[in-house]
Each structure stands twice: as C-alpha cells, then as structure tokens.
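One structure is given below, encoded as structure tokens.
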Amino acid sequence: MLAGTAPRVASAIQRLTHDTGRGRGRDGKAAADYFEAVLADYLAIAHASGVGGMAFFRGKHVLELGPGDTRAFALLARLEGATWEGFDPFDIQSQHLPYLDAIYDPILVRRNEPRSVEECLQGAIVHTSATGLRRGGRRFQIIVSRAVLEHVRDLESLFELASSVATDDAVWIHKIDLRAHGIRHEHELDFLRFREPVWNIMSSHIDLPNRARAAAHLDLGDRVGLRTLWAAATHVIPRDEADRVRNELASPFCAMDADALSVLGLWLVQVGRGHPRASQGSKKLVAAPTERLSRY
C-alpha cells in the first residue's frame, strides 16, 4: 500500500527494517555479491537449458520483472552489453544514494569500469503501468525475474502483457519460490490449509505468496503462446511427507498428487514460438544444476 501511495516512506521503512527481499545482512558489498550471483545464475541456467552461454545478454533487450529497491541487476546487464528496462506496478527503488552507491561501486570496481553509475544506467527505466510499458515501444528478447512471480496476483495478465512486448523468439527465465514465506506452523505445506477466500483476506495487504503450484506456472506459458523448454526443481520435500498432509489441505491442493505438492521451488525457462528450440519443449521437471548455481 505504501509503495503505491507514499514510495519514499515505503523505501525508508524498508531501510529501517532491512526488508530488501535479499535477506538480512545483504547491503553494500554483500548485496553486490548477491547481484553478481544473480547474473551468474541466469547465465548458468541459460547454459543448462541450451538457450545461451556466457554472452547470453550481449546485444539483447532485457525486461526484468520486479527489479526491487536497486538497479543493480540493470547495471550488470548494461555492463554485459544489454539494454535494460524494468516493470513493476510499484517502483520501490531506494532514494537513499549512499545505500545505492555502496552496492554499485563494488560492481564497477570489480569490472574496472571507468564510467560512472549514471552513465552506465542512462536510459534504464522502470515502467509502472501496462500502458507505459507498451508505449515504450521496445521489443524484448530476454525476460527475467527472481522470486517475483510467486507474489503476483494475476499471473495470466502479467504474462499476456510481457508477451505483447516480447519478440517472437524471446527467452524467459524465472526463479520461483513456492514455499510458505513464513506461514508455517508444523509443516512446509501449512499455508495450503486455508481456503482461497480466507487466504485472500489474510494476504490482501501483506507480502504473502499467491500459492500457485509448479504445474500452474508450467501451464501458464501455453496459454500465452510460450513453450516451456526447461524446468528444474530447486526445493523439494519428500513425497511421503507431502502425501501425509495432503488430505488436510484446502481445495484445490488436496486433489493434487504428492509429487506436485512436494516441489517448493522452480527454475523455469520458456521461449516464444519463433525460437529455434520451441519445438523441443518439455514440462518434465529435472534437478537444478546446483553445482553451477549460487547459494542464494
């Protein structure tokens, strides 16, 4: 609510509570480490799924969904040779320059970048409305998000919007956290015990997940003309543990099989119909290449 009505107040509260979305203690150099790892993870996933290598971002137009309170990934994308724009109905970028500079400066130093942050980020904008994003006129070849989709109330509308500004051969890479986000009493799936009307009331003004399961994310691409090329589970609980509580869950979760319920995190790579590998799509979940991914 504050992000929409009083963004500076929301930003100040985030600083005071250390609510960065990255976890506590990830400011300054630690935050720079985090964002460098985010970039490395995208490159590792692009490689694992066969859509790109180390030059994946070079020369591409990148759209980031939910860029958060910094432009750190935007800075890294620009240093990789990409153009960058963001989309978020609430632009929560911090207005506290020392906070931002403490993150940006280590990134520039590590890369021996002679340009200033302002020069590197020139033209990097965040759209806060569908109209603004469409009017921007950019067609994006890469669309990325990290720990964002689980908070979106209307996923189909978001994907329809992003599809309308994506190239026909665009690559979409998302990391999705399907866990409880703190709503846990005795079990990882406790937050699925609430009926949808109750959950909507509970979560309407706080940052709780939408509870869409892995299968919903896999099917969503089909409805907007994408092909799921590669999907990997990042967090999984034992199948028998999910099966033990399944009958105690609210609808529709009680009707899902234990395999579906056991997946609590997902890397997802989808492509447009015009991508050379669109015909090779698969919804079969594989294990994420953890040896090549960060600890974040």
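The values are calculated or read from the model by the stated rules, or taken from the named source; none is laboratory data. All values derive from a computational prediction rather than experimental measurement. Methodologically, a virtual Cβ is constructed for each residue, glycine included, from the backbone with ideal geometry; neighbour enumeration extends over all protein chains shown.
Quick one: would you say LEU75 is surrounded by fewer than 20 Cβ atoms within 10 Å (Cβ to Cβ), touching a residue at least 12 places away in the same chain (Cβ under 8 Å), of a type outside the set (S, T, N, Q) and touching a Cys at 6+ places or on another chain (Cβ under 7 Å)? Give the steps one after another, and end with the answer.
On the way: surrounded by fewer than 20 Cβ atoms within 10 Å (Cβ to Cβ): no; touching a residue at least 12 places away in the same chain (Cβ under 8 Å): yes; of a type outside the set (S, T, N, Q): yes; touching a Cys at 6+ places or on another chain (Cβ under 7 Å): yes.
Considered against the rule, which asks whether it is surrounded by fewer than 20 Cβ atoms within 10 Å (Cβ to Cβ), touching a residue at least 12 places away in the same chain (Cβ under 8 Å), of a type outside the set (S, T, N, Q) and touching a Cys at 6+ places or on another chain (Cβ under 7 Å), LEU75 comes out as no.
Kindly indicate the residue of the stretch 11-31 that is in a helix (DSSP H, G or I) and surrounded by 18 or more Cβ atoms within 10 Å (Cβ to Cβ) and also modelled with the highest pLDDT among those meeting that condition. Please lay out each step first, then the result.
The initial filter retains those residues of the stretch 11-31 that are in a helix (DSSP H, G or I), namely 11-17, 28-31.
Next cut, surrounded by 18 or more Cβ atoms within 10 Å (Cβ to Cβ) only: 11, 14, 31.
Working: SER11: 54, GLN14: 57, ALA31: 95.
This residue is ALA31.
From the list GLU80, GLU36, GLU64, GLU85, exactly one residue is among the charged types (D, E, K, R), at pLDDT 95 or above, over 14 Å from the mean Cα position of the chain (by Cα) and within 27 Å of VAL286 (Cα to Cα). Which is it?
Criteria check complete, one pass: GLU36.
Okay, residues lined up against (1) part of a helix (DSSP H, G or I); (2) in contact (Cβ under 8 Å) with a residue 24 or more places away in the chain; (3) farther than 27 Å from ASN247 by Cα:
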position	(1), (2), (3)
LEU158	yes, yes, yes
THR167	no, yes, yes
PHE191	yes, no, no
PHE194	no, yes, no
ASN200	yes, no, no
ASP222	yes, no, yes
ARG227	no, yes, yes
TRP230	no, yes, yes
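I'd like to check which helices (runs of 4 or more DSSP H) are fully inside the stretch 32-130 and have at least 2 residues that are over 28 Å from LEU161 (Cα atoms).
Working: elements: 72-79, 97-110, 117-120.
Output list reads 97-110, 117-120.
Restricting to the stretch 238-292, name every residue that is among the basic types (Lys, Arg), part of a loop (DSSP other than H, G, I, E, B) and over 21 Å from the mean Cα position of the chain (by Cα).
We begin by selecting, within the stretch 238-292, every residue among the basic types (Lys, Arg); these are 239, 244, 246, 273, 277, 283-284, 292.
With part of a loop (DSSP other than H, G, I, E, B) added as a condition, the list becomes 273, 277, 283-284.
Within the stretch 238-292, ARG273, ARG277 meet the criteria.
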